[in-house]
Every structure is written in C-alpha cells, then in structure tokens.
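Nothing in this text is a laboratory measurement; each read-out follows from the coordinates by a stated rule. Quick caveat, the model's predicted, so the values are computed rather than measured. We place every Cβ from the backbone using ideal geometry, glycine too, and count neighbours over all the protein chains shown.
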Amino acid sequence: MSEFPIHTIESAPEASQALIAGAQKNFGFVPNLLGVMASAPAALKSYVALGGTLSETSFTPVEQQVIALTVSRLNECAYCMGAHSGIAKMAGMSDDNLEALRSGAVLPDSRLQSLAAFTATVVTKRGWATEADQEEFVAAGFSQQQILEVLVGVAMKTLSNYTNHLAETPLDAQFAAFAWSPPVSAATAG
C-alpha cells in the first residue's frame with residue numbers, strides 16, 4: 001500500500017480544508033495526524049468533533065490528557081504519546097505524573113491514578129468494566145457521568161491511534177522532545 005499523504009490546507013480535499021485551517025490557527029501548525037486524516041474528511045471531522053466534545057466534559061484539561069495518554073500507551077501509539085505528552089505539559093501536568101503515564105507506572109497523584117486505572121480497565125476489558133470497577137472509580141471521587149465521559153476520550157484516541165498505526169504518522173517537530181517508543185515485550189524481542 002502506498003504511503004498516506006500528510007495534507008496541507010492547500011492539498012487537502014475541499015471538505016477538510018476548513019478543519020485543517022482551524023488546526024493551523026489553534027496550534028500554529030497543522031499536526032501530522034490531522035494532515036493524514038484530511039484524506040478522509042469524515043474521519044477528520046469525527047476526530048475534531050470528539051476532541052471538542054472531550055473538552056466539554058467535566059474533566060479538567062490535565063484529566064483529559066490522562067485519558068488520552070493512557071489509551072495511547074495501551075494502544076502503543078508513538079505519535080499520540082509524543083503529541084499528548086507535549087499537550088499535557090501545556091495543560092499543566094507535573095513531570096512525575098507525565099513520566100508515570102508514559103512508562104505505565106503508578107501516578108503520584110491518587111486521583112489521576114484512579115482515572116488512569118479506570119481508563120485502562122475500559123480499554124483492556126473493551127468496555128466491560130464490572131460494577132466493582134465502576135464503584136471503585138466513583139469511590140475515588142468521580143461520578144457516574146464521568147464513567148461515560150471516559151468513553152469520549154477512549155473513542156477519540158482509538159480513532160487517532162489506529163489512524164497512526166495504519167499511516168505510520170511521523171511525530172511533528174514541535175513534539176520531538178516528547179518522542180516515545182513502546183516498550184519491547186519479551187514476545188517481540190526475538
């Protein structure tokens with residue numbers, strides 16, 4: 001299969017151009033992920049809409065990044081781990097919490113750890129979080145509403161993670177300091 005193009009405003013299909021222009025305005029550049037998604041205006045529109053919806057949830061910007069980074073680490077998406085690490089820092093996430101998310105360690109902030117753990121449960125159990133899983137999340141200070149809001153972040157990141165897997169999207173220079181690679185497992189180490 002040929003490489004997926006990384007579109008600019010000018011090269012994107014007409015139905016993607018306004019969204020690409022919006023990204024340019026918001027970020028000061030067009031992230032490679034959005035440039036790739038521009039080939040399929042419906043995919044780009046869906047991703048942008050889910051991102052907007054996630055920002056309207058009751059989660060803080062840092063909590064939104066906990067969800068994004070947890071899903072991206074579990075899906076082993078190097079692009080999203082790098083990009084969302086940079087975004088997490090811009091949102092005010094501490095270095096200790098960010099490093100824990102990037103490595104899969106326990107977060108020093110117990111509330112954020114509970115959010116990361118519940119998000120991981122949703123991903124690894126493919127949505128089949130048990131009543132006990134849900135009760136533990138609520139006992140940590142979250143709401144039943146937030147159980148469903150986690151799904152918005154999971155859906156958003158699944159769309160982008162899988163896009164990046166298929167397209168092998170290169171990390172933007174703006175996020176190069178946050179480059180990440182999935183750990184080598186014993187099964188893949190040879």
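Listed values, structure above:
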| item | result |
| --- | --- |
| GLU10 versus ARG126: modelled label distance in nm, points set 7 Å from Cα along the beta carbon direction | 4.6 |
| Tilt relative to the chain, helix 78-91 - C-alpha long axis, 0 to 90 degrees, to 10 | 70 |
| Per-residue Cβ neighbour rank within 10 angstrom, fewest leading, SER114, SER46 | SER46, SER114 |
| Extension gain from VAL184 to GLN134, taking 0.36 nm per residue of separation minus the Cα-Cα distance | 14.9 nm |
| Kirkwood-type radius of region 60-178, with distances r between different C-alpha atoms, in Å | 14.3 |
| Global size of region 1-95 as Cα Rg and Dmax, reported in angstrom | 13.9, 41 |
| Computed over region 1-157: relative contact order in percent, which uses C-alpha pairs under 8 Å that are six or more apart | 21 |
| Neighbour-count ranking [beta-carbon atoms within 10 angstrom, fewest first] of HIS84, HIS7, HIS165 | HIS165, HIS7, HIS84 |
| GNM flexibility winner over the chain from GLY153, GLY86, GLY28 (Cα, springs under 10 Å) | GLY28 |
| Rounded tilt (10° steps) of 110-124 against the dominant C-alpha axis of the chain | 70 |
| Likely footprinting exposure, THR53, THR130, THR169, THR70, fewest C-beta neighbours within 10 Å first | THR130, THR53, THR169, THR70 |
| Over the chain: helical MRE at 222 nm, DSSP H runs n ≥ 4 each giving -39500 (n - 2.57), nearest 500 | -20000 deg cm²/dmol |
| Acute angle (nearest 10 degrees) that the helix 41-55 long axis makes with the longest principal axis of the chain, alpha-carbon atoms | 40 |
| Candidates ALA179, ALA83, ALA38, ranked by Gaussian network fluctuation over the chain, Cα under 10 Å, top entry | ALA179 |
